[in-house]
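So the structure is just underneath, and the comments pick up after that.
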Amino acid sequence: MKLIADNLIQIQNNIEIAAQKVNRDASSVKIIAVTKQVTVERAEEAIANNLVHLGENRPEGLELKEQAIGNKAIWHFIGSLQTRKVRKVINQIDYLHSLDRLSLAEEIEKRAQKIVKCFVQVNVSEEDAKHGLSTDDTLQFIKDLAQFSKIQVVGLMTMAPNTEDEAIIRSTFKGLKKIQQQVVGLNLSYAPCNELSMGMSNDYQIAVEEGATFVRIGTALVGNEGRVS
Ligand SMILES: *Cc1c(COP(=O)(O)O)cnc(C)c1O
């Protein structure tokens, strides 16, 4: 397996190029190392390379990595979160990327001991298999979150379709940015919504060109050893 250090140099270089294309400062893009498919040791290698943002998509994987790494990382839960798992996860993370329903918000309100930084997940491409709100429902959903004191909407998250077609990927990211700007325009104190969580191993350069502030990179950065927890 390649050293994370080598992968990281290449990814940072690609982010730099993508940012320059659109006159962005590359330092405005934060990399989340998605460690869901690698071992604790590999996650520790990420930390040793100054990658502080780690992403996990299952409660078990989060627990395993967190026991070893603790507060040396900023923890992102990027998978869909079952309501019955909220209690186990919600006070162990710094960011939730998958807020997509009011029943989940209600459970967070009940279980969280402090305000939770959340991304609202949007299914911009409207694929049946994907989680997330439809574009049309997103604004109303965020307005409805006003009733919850523990939820702060820091941004929006999406996943682009798994396709070679760059135009489709790009329009997905553009769509998310457009909704984000509408949310910002609402001026809601609990929903500053300044962040865009978009871009993975195959499409992070496009995401950076379209305004991503967090890219979630697993395979290209830490690799993929299959499920390890
Ligand atoms: C697994 C995963 C990623 C990382 O995917 P790679 O293609 O391995 O970079 C990013 N976001 C989410 C929501 C994921 O589940």
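Count Lys and Arg as plus one, Asp and Glu as minus one, and take only other residues whose Cβ is under 14 Å from that of L8; the net charge is then 0. Going by amide H atoms built from the backbone, whose H comes under 5 Å of the H on A220, apart from near neighbours? Correct list: S201.
Surface analysis of region 1-64 yields an accessible area of 50 Å² per residue, using protein heavy atoms and a 1.4 Å probe. Taking the 1.4 Å solvent-accessible surface of region 1-105 as the whole, the part contributed by carbon and sulfur is 46%. Per DSSP H run of n ≥ 4, the term is -39500 (n - 2.57); total these for the chain, divide by its residue number, and report the mean residue ellipticity at 222 nm rounded to 500 deg cm²/dmol. Helices in the chain give a 222 nm mean residue ellipticity of -12000 deg cm²/dmol. Less than 5 angstrom separates the built amide H of S98 from those of F119, all sequence-distant by 5 or more or on a different chain. Each Lys or Arg adds one and each Asp or Glu takes one away; over the other residues whose Cβ falls under 13 Å from the Cβ of A43, this sums to -3. Put simply, the amide H of I151, placed in the peptide plane, has neighbours under 5 Å in V116, leaving out anything fewer than 5 places away on its chain. In order along region 7-23, the Karplus-derived 3J(HN,Hα) couplings, from 6.51 cos²θ - 1.76 cosθ + 1.60 at θ = phi - 60°, round to 4, 5, 4, 5, 5, 4, 5, 5, 5, 4, 5, 5, 5, 4, 3, 10, 6 Hz, and Gly and Pro are given as x.
Residue by residue, region 28-40 carries 3J(HN,Hα) couplings of 7, 10, 9, 9, 9, 7, 8, 9, 4, 10, 9, 6, 4 Hz when phi is fed to the Karplus relation 6.51 cos²θ - 1.76 cosθ + 1.60 (θ = phi - 60°); x denotes Gly or Pro. The solvent-accessible area of V154, taken with every protein chain present and a 1.4 Å probe, is close to 20 Å². Once the 1.4 Å probe is applied to the protein heavy atoms, region 162-217 comes out at 45 Å² accessible per residue.
The values are calculated or read from the model by the stated rules, or taken from the named source; none is laboratory data. Predicted model only: the values in this text are computed from it and were never measured. Backbone-built Cβ (ideal geometry, glycine too); neighbour counts: all protein chains shown. In case anyone asks, the SASA skips ligands and DNA or RNA and just uses the protein heavy atoms, side chains included. Shrake-Rupley method; radii C 1.70, N 1.55, O 1.52, S 1.80 Å.
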